[in-house]
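J.: My structure is below; once you've seen it, I'll send some questions.
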Amino acid sequence: MLKIELNKLNDLFAKISSSTDLILPVTVAGETNFAKYEDGAEVNLSVQTVKSAKDSFFPQAEDLMKFKTEGKKIDIIDVREKVESFVLFGVRACDYRSFEILDRVFLVDPIDTYYKAKREKGVIVTLACSRPEESCFCSAFGIDATNPLGDVTTYIADGFLYWNANTDKGNALTDAVKDLFAQADSNDEAKIDEQKKNTKEILSKLPYANVDLSGFTPDKLNELFNDAKWEELSEACLGCGSCTFVCPTCQCYDIKDFKTNDGVKRFRCWDSCMYADFTKMAHGNSRNFQLQRFRQRFMHKLVYYPSNNEGIYSCVGCGRCVKKCPISMNIAKVIKTIGGKNND
Amino acid sequence: MQRIENLMKAKAIELLENGTVNRVLGWTAGDFYYDNTPAIFNSKEEIEKSFVYNSFCGANLSKYLVKERKNEGKILVFLKPCDTYSFNQLVKEHRVNKDNIYIVGIECQGHLSIEAIKAKGIDGVVGLEENGEEVTVKSIYGDKTVVRGEVMLEKCLSCKSKKHVAYDELIIVNEMPEADSMKRFSKVAELEAMTADERFAFWKSELSKCIRCNACRNVCPACTCTKCVFDNPESGVDAKANADKFEEKLFHIIRSFHVTGRCTDCGECSRVCPQNIPLHLINRKYIKDINEFYGEYQAGADTESKAPLTAFTTSDIEPGSNLKEGK
Amino acid sequence: MQEINKEYQPLIVAFCCNWCSYAGADLAGSSRLSYPANVKIIRVPCSCRVNPMFILKAFQRGADGVIMCGCHPGDCHYTTGNYYARRRMTLLFDMLDYLGIEKERTRVEWVSAAEGVKFSNVMNEFAAKICELGENKRLEDLRCKE
């Protein structure tokens, strides 16, 4: 394990970004989101980002192809550029798990080449949590926030950032920046272990840490779908897309055409099941009421996805939707209301 | 606060039981004291179980009445002073049926923002306690005390009025502080005094945060179109993302322009923005301009007056003539 | 006609009402008065038809300046259309200025059917001003510029 003083982090960031793009939590106009590191950027590693880290692999808007028209001739232009390798720094355990969930959607047949190219080139440097928020409930999904995986795992404790490479990609990155680091000793490891222990204690005491998910099993699909409580849960829903757009695992997208001055640009952008035109087809819309759209989001995360993916829930308990819903309705409340028996 | 909540509960139960109304629109308690959700209550039991009114009931309930219009019977709604302006505006636009609504105007000492509390470096908030001007925040990292006035919602810090403009009855126990409605334009004036380049830089950094979640639009009591132009594939502007930096400007200019003269400055757009974009500064600019060019006008103050954009005088000022020369 | 920068040709969109300004443009043409060829006229039934979205979309599609022309206040073919348009444009232009977009890029002129000379002068003057400002960078849509 290696270590670097926190006040030298900017040197580390400058070094990494000199050879490759570095994406990390940056504060702009008061809000922290993952963004490209530039000289003078206000890096903030102590708060949860508003949007999740999924943008790096699955951007909110992404060009797919272009059509150029000249008279009756139409040219199809591939706009995929060669993806250069990049470093994604400061990913928390919850967001890291979300990549696995997205992989199960985008990297199964038919493989999404746009996603795959970025996924292969990204080097993920995770950061262990030491100060969870009240909205966190990753432990309900079996995630250890104090020990994230990734190509490199980092810990912040006692004025230092500790750096531990886990994979070949991680080792390659470590080699490139090695000279900025000092070797950590057993004393340092004890410090990290101590911090892990303390954090775990806090995590276990969080209000949503022990929500009971046992009620969400594929065999209860019909029962859950027809639960009468969906009505009261969804009645205040505004139908905005905040929860879906801050969510690390929401993966629905829409493909749209933009008419440029001399052709068409086809792009995809995140879609939200909360929107009235979600999955609208020629015959109309399959979900006409907010209740149905609201139910879709949670049924997808807690029932449909697990039934296709060996029981893995497509929620990671990051708590972003808990914090950002304008009317304070969220997945934790849904789980508590219609989930397992052990929720009071 | 507790006293008002009890009075509200008693009133709701009374009106339900004597048959004046068949349902109640209020707030239901969440898990952390600050996460209350608007809700409909149908029975005494439901009200006793989870009805809540505390300093985190900033949500404006008037827009829910548009949806409730379709349901049978009379509904009881609790409205804060500022919410009654939105209500009046909806009446004026024939979006709600006044005859089927029973309004109880409630006392408002200003509502608090959990984001403002967290901005003070307090995290892990699992509960709060209100004692007059002080709020004790219970956190997993220890308790802290903050002053109410420092952690209020932006819309309450620049409250436009403490007067209920529509109500059937009122529940007011303590005196409400006078509001200074002109104070809300100070930040707009500050921006106006900047150079165009500074303003452009300000809005660029603010609007570039926009994730196009549409929360500002969907929460807005003035945005009640059945189909928004931004949802209509025929409009050519139905992009769901800011695929180019032009999009976010187009969206916010058109969104705010569409509510110009109808916006009561309820401040919900800024409250709900997940990226905390000061959207009220866009709406207030229009309000300020209307006041300056066409005379003082407060949308929702009444249900009859003509809106500024559906009226004119022959001597209105010419477009652009008020603007300073220079880049 | 004023000398206009040969290399840079700004694109100007003019929304002209059918009853006055469009006829004014016609008169300018038939009187052989010149105005810059890069002024693209879009005929609208009344200045009141101009939705703020039209102005923004013109900028999106590459316009460097947008001008709206209608009948003189009081002379509207539909009696009051241009009065409403005037209020809307006042607020819209003020908002654009507030967001930091150069105020000189937008303009409203009242041009009657008899004012061919005014039409030509206004367009020349406006084109010269836009030339001076250069390309519209603050309301451009990069997707339309490739």
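The values are calculated or read from the model by the stated rules, or taken from the named source; none is laboratory data. Since the model is a prediction, treat every value here as computed from it, not as a measurement. For neighbour counting, all protein chains shown are included, and Cβ atoms are generated from backbone atoms with ideal geometry for every residue, glycine included.
J.: Can you find a residue in the stretch A:297-304 that is over 20 Å from the mean Cα position of the chain (by Cα) and buried (at least 16 other Cβ atoms within 10 Å of the Cβ)?
T.: Taking the stretch A:297-304 and keeping what is over 20 Å from the mean Cα position of the chain (by Cα), we get none.
Taking every residue of the stretch A:297-304 in turn, none turns out to be over 20 Å from the mean Cα position of the chain (by Cα) and buried (at least 16 other Cβ atoms within 10 Å of the Cβ).
J.: A further question follows. Given the criterion out of contact with any Gly (no Cβ under 9 Å at 6 or more places or on another chain) and away from chain B (no Cβ under 13 Å), identify the matching residue among C:Glu125, C:Glu115.
T.: Selected residue: C:Glu125, the only one of C:Glu125, C:Glu115 that is out of contact with any Gly (no Cβ under 9 Å at 6 or more places or on another chain) and away from chain B (no Cβ under 13 Å).
J.: Identify, from the list B:Val173, B:Val188, B:Val165, the residue that is more than 22 Å from the chain's Cα centre (by Cα) and of a type in the set (Val, Ile, Thr). Let's see the steps before the verdict.
T.: Details: B:Val188 fails: more than 22 Å from the chain's Cα centre (by Cα); B:Val165 fails: more than 22 Å from the chain's Cα centre (by Cα).
Every option except B:Val173 fails the conditions.
J.: Here are some conditions: (1) in contact with a His (Cβ under 8 Å, 6 or more places away or on another chain); (2) assigned to a loop (DSSP other than H, G, I, E, B); (3) modelled with pLDDT under 95; (4) not small (Gly, Ala, Ser). B:Cys210 meets all but one. Which one does it not meet?
T.: Looking at each condition in turn, B:Cys210 falls short on (3).
J.: Among what's in the stretch B:168-207 and is part of a loop (DSSP other than H, G, I, E, B), closer than 25 Å to B:Val91 by Cβ and out of contact with any Cys (no Cβ under 8 Å at 6 or more places or on another chain), pick the residue that is nearest to the other protein chains (Cβ to nearest Cβ).
T.: Filtering the stretch B:168-207 for residues part of a loop (DSSP other than H, G, I, E, B) gives B:168, B:172-180, B:194-195.
Now drop any that are not closer than 25 Å to B:Val91 by Cβ, which leaves B:168, B:172, B:176, B:179.
When the remaining residues are screened for being out of contact with any Cys (no Cβ under 8 Å at 6 or more places or on another chain), the result is B:168, B:172.
Details: B:Asp168: 23, B:Ile172: 26 Å.
Result: B:Asp168.
J.: Being in a helix (DSSP H, G or I) and either within 14 Å of chain B (Cβ to nearest Cβ) or surrounded by 21 or more Cβ atoms within 10 Å (Cβ to Cβ) (or both): is that true of A:Arg268 here? Reasoning before the result, please.
T.: On the way: in a helix (DSSP H, G or I): no; either within 14 Å of chain B (Cβ to nearest Cβ) or surrounded by 21 or more Cβ atoms within 10 Å (Cβ to Cβ) (or both): yes.
In short, no.
J.: Taking C:Trp110 as meeting all but one of (1) within 11 Å of another protein chain (Cβ to nearest Cβ); (2) aromatic (Phe, Trp, Tyr); (3) without any contact (Cβ under 8 Å) to a residue 40 or more places away in the chain, write down the number of the exception.
T.: Every condition holds for C:Trp110 apart from (3).
J.: How do the pairs read when you match residues in the stretch A:122-137 that are in contact (Cβ under 8 Å) with a residue 12 or more places away in the chain and within 14 Å of chain B (Cβ to nearest Cβ) with residues anywhere that are aromatic (Phe, Trp, Tyr) and in a strand (DSSP E or B), using Cβ under 8 Å and keeping only pairs 6 or more apart or on different chains?
T.: So the pair list comes out as A:Ser130/A:Tyr155.
J.: Please note which strands (runs of 3 or more DSSP E) are completely contained in the stretch A:1-116 and include at least 1 residues that are within 17 Å of the chain's Cα centre (by Cα).
T.: Fully inside the stretch A:1-116 and qualifying: A:21-28, A:31-36, A:61-70, A:86-91.
J.: Is there a residue being more than 19 Å from the chain's Cα centre (by Cα), surrounded by fewer than 23 Cβ atoms within 10 Å (Cβ to Cβ) and not small (Gly, Ala, Ser) anywhere in the stretch B:85-94?
T.: Within the stretch B:85-94, the subset more than 19 Å from the chain's Cα centre (by Cα) is B:94.
After this cut, where a residue has to be surrounded by fewer than 23 Cβ atoms within 10 Å (Cβ to Cβ) as well, the list is B:94.
When the remaining residues are screened for being not small (Gly, Ala, Ser), the result is B:94.
Looking for residues that are more than 19 Å from the chain's Cα centre (by Cα), surrounded by fewer than 23 Cβ atoms within 10 Å (Cβ to Cβ) and not small (Gly, Ala, Ser), one finds at least one in the stretch B:85-94, hence yes.
J.: Another one. For B:Phe56, are the conditions met, namely being crowded, with 23+ Cβ neighbours inside 10 Å and either more than 30 Å from A:Ala209 (Cα to Cα) or touching a Lys or Arg at 6+ places or on another chain (Cβ under 8 Å) (or both)?
T.: Working: crowded, with 23+ Cβ neighbours inside 10 Å: yes; either more than 30 Å from A:Ala209 (Cα to Cα) or touching a Lys or Arg at 6+ places or on another chain (Cβ under 8 Å) (or both): no.
Considered against the rule, which asks whether it is crowded, with 23+ Cβ neighbours inside 10 Å and either more than 30 Å from A:Ala209 (Cα to Cα) or touching a Lys or Arg at 6+ places or on another chain (Cβ under 8 Å) (or both), B:Phe56 comes out as no.
J.: Scanning for something over 21 Å from A:Cys237 (Cα atoms), assigned by TED's automatic domain parsing to the domain that holds A:Cys252 and touching a Phe, Trp or Tyr at 6+ places or on another chain (Cβ under 8 Å), does the stretch A:283-298 turn up at least one residue? Reasoning before the result, please.
T.: Our first condition is that a residue be over 21 Å from A:Cys237 (Cα atoms); within the stretch A:283-298, this holds for A:283-284.
In the following step, the residues that additionally are assigned by TED's automatic domain parsing to the domain that holds A:Cys252 were identified as A:283-284.
Remaining after also requiring touching a Phe, Trp or Tyr at 6+ places or on another chain (Cβ under 8 Å): none.
Looking for residues that are over 21 Å from A:Cys237 (Cα atoms), assigned by TED's automatic domain parsing to the domain that holds A:Cys252 and touching a Phe, Trp or Tyr at 6+ places or on another chain (Cβ under 8 Å), one finds none in the stretch A:283-298, hence no.
J.: Kindly check whether there is at least one residue in the stretch B:154-163 that is touching a residue at least 60 places away in the same chain (Cβ under 8 Å), buried (at least 19 other Cβ atoms within 10 Å of the Cβ), within 14 Å of chain C (Cβ to nearest Cβ) and assigned to a helix (DSSP H, G or I).
T.: The answer is no; no qualifying residue exists.
J.: Does A:Cys136 fit the bill of being buried (at least 17 other Cβ atoms within 10 Å of the Cβ), part of a loop (DSSP other than H, G, I, E, B), at pLDDT 95 or above and outside the structural domain of A:Gly319 (by TED's automatic domain parsing)? Write out each step before concluding.
T.: Values: buried (at least 17 other Cβ atoms within 10 Å of the Cβ): yes; part of a loop (DSSP other than H, G, I, E, B): yes; at pLDDT 95 or above: yes; outside the structural domain of A:Gly319 (by TED's automatic domain parsing): yes.
In short, yes.
J.: Does B:Lys138 satisfy the condition of being out of contact with any Gly (no Cβ under 7 Å at 6 or more places or on another chain) and either over 18 Å from B:Met1 (Cα atoms) or not assigned by TED's automatic domain parsing to the domain that holds B:Leu279 (or both)? Before you say what the answer is, go through the steps one by one.
T.: Values: out of contact with any Gly (no Cβ under 7 Å at 6 or more places or on another chain): no; either over 18 Å from B:Met1 (Cα atoms) or not assigned by TED's automatic domain parsing to the domain that holds B:Leu279 (or both): yes.
So B:Lys138 fails the test.
J.: Here is a follow-up. Residues in the stretch B:302-322: is at least one within 14 Å of chain A (Cβ to nearest Cβ), part of a loop (DSSP other than H, G, I, E, B), modelled with pLDDT of 95 or more and surrounded by 14 or more Cβ atoms within 10 Å (Cβ to Cβ)?
T.: Filtering the stretch B:302-322 for residues within 14 Å of chain A (Cβ to nearest Cβ) gives none.
No, the conditions are met nowhere in the stretch B:302-322.
J.: Looking only at the stretch C:85-100, which residues are within 7 Å of another protein chain (Cβ to nearest Cβ) and within 17 Å of the chain's Cα centre (by Cα)? Steps first, please.
T.: First, the residues of the stretch C:85-100 that are within 7 Å of another protein chain (Cβ to nearest Cβ): C:86-95, C:97-100.
Of everything in the stretch C:85-100, those that are within 7 Å of another protein chain (Cβ to nearest Cβ) and within 17 Å of the chain's Cα centre (by Cα) turn out to be C:Arg86, C:Arg87, C:Arg88, C:Met89, C:Thr90, C:Leu91, C:Leu92, C:Phe93, C:Asp94, C:Asp97.
J.: Output the residues belonging to the stretch C:102-127 that are under 16 Å from C:Phe59 (Cα atoms) and either among the aromatic types (Phe, Trp, Tyr) or out of contact with any Phe, Trp or Tyr (no Cβ under 7 Å at 6 or more places or on another chain) (or both).
T.: C:Glu102, C:Glu104, C:Arg105, C:Val108, C:Phe126, C:Ala127, listed by residue number.
J.: Just to be sure I understand, how many residues within the stretch A:245-278 are within 17 Å of B:Asn218 (Cα to Cα) and of a type in the set (Phe, Trp, Tyr)?
T.: Summing the residues that are within 17 Å of B:Asn218 (Cα to Cα) and of a type in the set (Phe, Trp, Tyr) in the stretch A:245-278 gives 3.
J.: Of all the residues that make up the stretch B:243-272, how many are at the interface with chain A (Cβ under 9 Å from one of its Cβ atoms) and surrounded by fewer than 21 Cβ atoms within 10 Å (Cβ to Cβ)?
T.: So the count comes out to 0.
J.: Then there is this: Do you know which residues across the stretch B:230-242 are facing chain A (nearest Cβ under 9 Å) and either surrounded by 21 or more Cβ atoms within 10 Å (Cβ to Cβ) or in a loop (DSSP other than H, G, I, E, B) (or both)?
T.: B:Asn232, B:Gly236, B:Asp238, B:Ala239, B:Lys240, B:Ala241, B:Asn242
J.: Which residues, taken from the stretch B:226-285, are polar (S, T, N, Q) and modelled with pLDDT of 90 or more? Outline the logic, then answer.
T.: Kept after step one, since they are polar (S, T, N, Q), are these residues of the stretch B:226-285: B:226, B:232, B:235, B:242, B:256, B:260, B:264, B:270, B:275-276, B:283.
Selection gives B:Ser256, B:Thr260, B:Thr264, B:Ser270, B:Gln275, B:Asn276, B:Asn283.
J.: Considering only residues that are hydrophobic (A, V, I, L, M, F, W, C), assigned to a loop (DSSP other than H, G, I, E, B) and either within 19 Å of B:Ala215 (Cβ to Cβ) or within 11 Å of chain B (Cβ to nearest Cβ) (or both), which ones fall in the stretch A:285-344?
T.: Of the residues in the stretch A:285-344, the ones hydrophobic (A, V, I, L, M, F, W, C) are A:289, A:291, A:294, A:298-299, A:302-303, A:312, A:315-316, A:318, A:321-322, A:325, A:327, A:329, A:331-332, A:334-335, A:338.
Still in the list and also assigned to a loop (DSSP other than H, G, I, E, B): A:289, A:312, A:315-316, A:318, A:325, A:327, A:329.
Residues satisfying the conditions are A:Phe289, A:Cys318, A:Cys325, A:Ile327, A:Met329.
J.: So, one more: Of the residues C:Gly29, C:Gly70, C:Gly74, only one is within 12 Å of another protein chain (Cβ to nearest Cβ) and more than 24 Å from C:Lys103 (Cβ to Cβ); which?
T.: Values: C:Gly29 fails: within 12 Å of another protein chain (Cβ to nearest Cβ); C:Gly70 fails: more than 24 Å from C:Lys103 (Cβ to Cβ).
Step by step, each of C:Gly29, C:Gly70, C:Gly74 is checked, and only C:Gly74 is within 12 Å of another protein chain (Cβ to nearest Cβ) and more than 24 Å from C:Lys103 (Cβ to Cβ).
J.: Okay, next question. Quick check on the stretch B:3-44: of everything there that is outside any strand (DSSP E or B) and among the polar types (S, T, N, Q), which residue is nearest to the other protein chains (Cβ to nearest Cβ)? Don't jump to the end; show me each part of the working.
T.: Taking the stretch B:3-44 and keeping what is outside any strand (DSSP E or B), we get B:3-22, B:29-36, B:42-44.
Checking the rest, the ones that are also among the polar types (S, T, N, Q) come to B:6, B:18, B:20, B:22, B:36, B:42-43.
Working: B:Asn6: 22, B:Asn18: 24, B:Thr20: 22, B:Asn22: 15, B:Asn36: 6, B:Asn42: 10, B:Ser43: 12 Å.
It comes out as B:Asn36.
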